[in-house]
Amino acid sequence: MKKLVRIIFALFVCALFFSCQNYKYRDMDLYPIMENGLYGFIDTLGNKVVIPQYICVSNFENHLAAAVIDTFYAYRSDSTMHKLGLGYAEEVPVERFLYVRYGYINIENEFVIPPKLLRRFKVDNKQNVLASGLENASAALSFHEGMAAYQDSVTFLFGFVDTLGHQKVPALYYNYKDFSTGKAAVQIFKCNDEEPVTDACFKWGYIGKDGERKSDFVYMNLSSCVNGRSFGSMWSLAKDQEKHTVVRQNENGELEFEEPDIDDSMPIQSIVTVLLDENGKVINNNLPSIYHYYDYTEDGVAVAERQGAEVFGPDLKFLDKEGKYLEPRDVNNPKSMYIGIVPDEYRFFDVTAMSEGYAGVMGNDGKWIFVDKNLNVYAPINDTTYDDVKVFHNGLVGVCQNGIG
């Protein structure tokens with residue numbers, strides 16, 4: 001009996017020891033705040049958990065938040081990322097970059113990953129470049145599914161580290177999207193020696209958390225896979241952009257183009273956009289390429305925005321998981337705030353992502369309302385339309401009415 005008690009006591013001591021060692025990975029809902037130009041974190045009660053002291057921070061994800069400790073500007077006008085030589089370098093316009101030095105802290109404000117990482121962000125030469133650059137940094141440095149992108153300080157190519165700072169994927173990629181459903185979209189240089197170097201040489205595909213390839217690198221752009229859906233776009237030699245080029249998959253899973261039956265006019269390059277499932281299989285090849293498609297949300301809804309809004313006017317739509325546009329559908333909603341379906345003449349001039357069943361939409365009057373997946377409208381608080389709205393999170397949403405938010 002005494003032996004059993006000693007064993008239980010030893011196990012308790014070990015558990016206590018490891019829990020103390022792992023306190024740095026405790027989770028807590030913390031929110032960034034800014035005071036006197038510096039950032040820290042508060043908890044849900046407004047208590048300052050991390051005193052504002054950093055130039056910029058990301059949100060806490062996977063128990064860690066990025067903390068920027070230093071910034072500087074630099075200019076670049078060379079050909080280090082190209083194969084066109086010095087003659088090309090002389091023609092490249094001068095580019096301005098914001099460099100940030102950062103690491104990752106836990107909720108105890110300890111650097112779990114030392115602040116030795118360096119990331120650069122391209123900024124324009126207009127005013128407020130620091131603010132715009134730091135806004136990009138805040139969104140880009142977070143962990144997702146236990147992985148965060150890092151940038152090699154010499155090549156400036158991207159790779160990924162885990163929550164301990166270990167390099168899991170080497171820096172081999174020109175661009176990337178955050179990890180989602182166990183894989184990340186990344187961009188490589190893929191061009192034959194005899195081909196001219198153009199944007200078409202940079203291809204996107206998926207990799208796993210160990211860097212293994214999860215798809216072919218054939219896309220000129222590729223979105224993150226969310227809720228089993230992603231968008232891929234690619235170049236096609238179509239003879240007429242107004243005619244639709246069909247993408248099919250053969251029995252080996254390879255993508256093939258089927259061109260429309262038209263005359264022998266001069267071929268031109270066009271863009272084909274397809275909807276893919278979690279395995280990279282095409283499930284809808286009939287998406288109009290005049291739209292830009294944003295990532296799906298966990299609600300299984302994506303946003304399509306027509307390009308050239310400055311010429312043709314805004315045009316935004318919501319898509320379901322099959323790539324079909326959501327249509328207004330009256331379901332006799334019993335909720336007290338329910339008004340009815342979106343009127344036929346109502347146009348979306350701006351929208352938020354669909355989250356937790358709702359999205360904010362803005363009409364031509366610049367005012368916002370909320371709709372659900374059936375495009376049913378809900379009355380605003382106090383029957384006063386919103387000046388601005390945020391995305392729903394944990395059943396709550398930020399709104400601004402009459403200049404008060």
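None of the figures in this text is laboratory data; all of them are computed from the coordinates on show. Keep in mind that this is a model prediction, so the values were computed, not measured. As a convention, Cβ positions derive from the backbone with ideal geometry for all residues, glycine included, and neighbour counts pool all protein chains shown.
Quick look at the values:
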{"item": "Inter-label distance for Ile290 and Arg96, nm, one decimal - labels placed 7 Å from Cα along Cα-to-Cβ", "result": "3.7 nm"}
{"item": "Added length on full extension, which subtracts the Cα-Cα distance from 0.36 nm per residue, Asp124 to Val197", "result": "23.8 nm"}
{"item": "Cα→Cβ-extended label distance, 7 Å offset, between Thr155 and Asp216, nm", "result": "2.5 nm"}
{"item": "Protection proxy ranking of 38-46, 159-167, 297-305 - average other beta-carbon atoms within 10 Å, highest first", "result": "297-305, 159-167, 38-46"}
{"item": "Above-threshold pairs, the threshold being 28 Å between Cα atoms, out of Lys122/Lys321; Lys209/Lys281; Lys116/Lys209", "result": "Lys122/Lys321"}
{"item": "Ranked by how many other beta carbons lie within 10 Å on average, peptides 363-374, 56-67, 193-204 from highest", "result": "56-67, 363-374, 193-204"}
{"item": "Pairwise label distance in nanometres, Leu172 with Asp277, each label 7 Å out on the Cα-Cβ vector", "result": "2.8 nm"}
{"item": "Residues Asp162 and Phe312, FRET efficiency given R0 of 51 Å [Cβ-Cβ distance, rounded to 0.05]", "result": "0.70"}
{"item": "Overall form of the range 320-405 per C-alpha gyration tensor (a/c, 1.5; a/b vs b/c)", "result": "rounded"}
{"item": "Using a Förster distance of 51 Å, the FRET efficiency for Met337-Glu110 (Cβ separation, nearest 0.05)", "result": "0.70"}
{"item": "Full-extension gain in nm, Asp70 to Glu35, via 0.36 nm per residue minus C-alpha separation", "result": "10.9 nm"}
{"item": "Cβ-based net charge around Cys400, under 10 Å, with every Lys or Arg adding one and every Asp or Glu removing one", "result": "-1"}
{"item": "Cα gyration tensor shape for the range 100-202, rounded if a/c is under 1.5, else prolate or oblate", "result": "oblate"}
